[in-house]
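This report concerns only the one structure given below.
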Amino acid sequence: MILGMIVFVFMGMVVGTMVGMNIGGNYFTSFTFLGLRGYEATGQIGTVVGGLLFAVIGILLLKILSKLRKQKHL
């Protein structure tokens, strides 16, 4: 269960980084965050947001799966 959470968070961080870098490189080239600019700045924001978003999704999926497993054994 913990391994599933770690995998979801890592996937979210990778996806968030790629999406953030794409947005920053194409649309927000003058955006500044933590001393970085453009795709580097939005890539860091994407990493954090993607990791948190996929962590929440992972928690919800694991709760649903555990509930389904309990119902199946009854």
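What follows is calculated from the coordinates using simple rules that are stated; it is not laboratory data. What you see is a predicted model, and the numbers here were worked out from it, not measured in a lab. Cβ: placed from backbone, ideal geometry, glycine included. Neighbour counts: every protein chain shown.
Cβ-Cβ distances below 9 Å connect the following pairs, each with a first residue in segment 11-29 that is over 15 Å from LEU53 (Cβ atoms), a second residue that is among the charged types (D, E, K, R) and buried (at least 16 other Cβ atoms within 10 Å of the Cβ), and a separation of six or more residues or different chains: MET21/GLU40; GLY24/GLU40. Taking the criterion of being within 15 Å of THR42 (Cα to Cα), surrounded by 15 or more Cβ atoms within 10 Å (Cβ to Cβ) and over 8 Å from the mean Cα position of the chain (by Cα), the residues of segment 1-30 that qualify are THR17, VAL19, GLY20, MET21, ILE23, GLY24, PHE28. Going through segment 33-44 one residue at a time, which ones are touching a residue at least 24 places away in the same chain (Cβ under 8 Å) and either crowded, with 20+ Cβ neighbours inside 10 Å or farther than 15 Å from VAL14 by Cα (or both)? The one that is touching a residue at least 24 places away in the same chain (Cβ under 8 Å) and either crowded, with 20+ Cβ neighbours inside 10 Å or farther than 15 Å from VAL14 by Cα (or both): GLY43.
Considering only segment 1-29, state which residues are polar (S, T, N, Q) and part of a helix (DSSP H, G or I).
Listed by number, the residues that qualify are THR17, ASN22, ASN26.
The number of residues in segment 30-74 being not in a helix (DSSP H, G or I) and not aromatic (Phe, Trp, Tyr) comes to 8.
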